[in-house]
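Input: a single structure, listed below in structure tokens.
The values are calculated or read from the model by the stated rules, or taken from the named source; none is laboratory data. In this text, all values refer to a predicted model and were calculated from it rather than measured experimentally. Because the Cβ atoms are built from the backbone with ideal geometry, glycine has one as well, and the counts that use them run over all protein chains shown.
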Amino acid sequence: MSIFSKDKLEKYANVLVWGFQTSRHGGEIKPYETALLVYDIAAQDLADAMHKRLLEMKINVMLRPVMRPVMEKNLYTLADEKMLGFMNPGEKEMFSNLNIYIRLRAPECLTHLKDVDPKRMGIAALARKPMRNIMDKREQEGKFSWTLCTYPTEELAKQAKLSLKEYAAQVEKACFLGEKDPVAKWRQIYEECTEIKKWITSLGIETIRLQSKRCDLEVKMGEKRKFLGVSGHNVPSFEVFTSPDWRGTRGIYFADFPSFRDGNYVKDIKLVFEKGKAVKISAGTGETYVKKTLAMDAGASALGEFSLTDRRFSKIDRFMADTLFDENHGGKYGNSHVAVGSSYSDTFAGDPKTLNKAKKAALGFNNSALHWDIINTEDKLVTAVLKNGKKVTVYETGEFKY
């Protein structure tokens, strides 16, 4: 029996449709486009509802269930390096013609890969990066859009120290599934966040400084940057973010929220940046995993994203053991998260079609097979030094000051 009623499953599917429609740059979704629906087995009920909704839109649907935890562990334990880098025949052709990607996440286990060498997972991640590059290019061209969400599972609830019913209620609240028209609510949030994005982009920021009990981080905004957020890519999403010039990062960032990633549990990550790179890396739990992951490639130890979430938008007020929800935490003080690894090229303020690899490098957009969001929910002050030398407060006590 599904944790959500048929009505709420249909509402969730409609919100995801809003997600990939909203995230399409420069064009509408057309009949007979091709969608890839990727889902964990535990999300089968939502996959059924999503599949039905796509067919009603006359979208051609390809289905791809995700490996279960035992299969994933067997892969990383038994496969040699050549096998870890294997790509399915026709994969490049498929992604080169794909219009919509939808990911339904419903993990059955969050720590099943804790004994696997992160370098082995890095090999697989590097092998998949060309597919992500194809999707990024098609997205810039207005031919592709994507969205993702989380479906409640017993494992997520257990790790968040909630019952499954309580966890599902948190998901319902965060995604507005209890509303008569959740899509209308998301459109309202989208409009309100658009005003914040316009305001903070218009300030002409040179550097941003984040200060909290255990953080003192300065990032360089970079040339031709803009802030994005509530784009439809992530459901839910309330963050306002940019991809800074990684070369101008310095200071300390501390993640007070734990992190589940690649079947590993990590707690109390502390990164000390000098000249753009994390030169000191520590963690209260999982330090070896963190250090090996941030050594995955040349860009893994540099910043790809700087983000803030306003508590007035997000209804998420509990640790959810899921980065998608935790990076959008509202609570008492909102949150900041940064991502080590790859940047988002759509934060480029110019014509994205002109943004080739060389231009990205010249502008300080970070390049990596990694993108790992780590979260701080402490009370914080965020100030900006503008290009004209003026210093302004942009975020305080969990709210943007616009």
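Some points to look at:
- The residues of region 13-62 that are closer than 30 Å to Thr347 by Cα and among the small types (Gly, Ala, Ser), listed by number, are Ala13, Gly19, Ser23, Gly26, Gly27, Ala35.
For every residue, the table says whether it meets (1) under 28 Å from His25 (Cβ atoms); (2) modelled with pLDDT of 95 or more.
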position: Asp326; (1), (2): yes, yes
position: Lys353; (1), (2): yes, no
position: Lys357; (1), (2): yes, no
position: Gly364; (1), (2): yes, yes
position: Trp372; (1), (2): yes, yes
position: Ile375; (1), (2): yes, yes
position: Glu378; (1), (2): no, yes
position: Lys391; (1), (2): no, yes
position: Thr397; (1), (2): no, yes
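- Strands (runs of 3 or more DSSP E) within region 160-252 that include 1 or more residues over 18 Å from the mean Cα position of the chain (by Cα) and surrounded by 21 or more Cβ atoms within 10 Å (Cβ to Cβ): 205-211, 216-220
- With respect to the conditions (1) within 26 Å of Ala42 (Cβ to Cβ); (2) within 24 Å of the chain's Cα centre (by Cα); (3) hydroxyl-bearing (Ser, Thr, Tyr), Thr77 lacks only one, and its number is (2).
- Among the residues making up region 133-144, those that are part of a helix (DSSP H, G or I) and either in contact (Cβ under 8 Å) with a residue 12 or more places away in the chain or not assigned by TED's automatic domain parsing to the domain that holds Ala35 (or both) are Ile134, Met135, Asp136, Arg138, Glu139, Gln140.
- Flag if Asn366 is over 30 Å from Pro152 (Cα atoms) and buried (at least 19 other Cβ atoms within 10 Å of the Cβ): yes
- The lone exception for Arg132 - which of (1) charged (D, E, K, R); (2) surrounded by 15 or more Cβ atoms within 10 Å (Cβ to Cβ); (3) at pLDDT below 95; (4) closer than 21 Å to Asn234 by Cβ it fails: (2)
- Condition met for Thr147 (among the polar types (S, T, N, Q) and outside any loop (DSSP other than H, G, I, E, B)): yes
- Residue within region 181-191 that is closer than 29 Å to Gly26 by Cβ, at pLDDT 95 or above and touching a strand residue (DSSP E or B) at 6+ places or on another chain (Cβ under 6 Å) present: no
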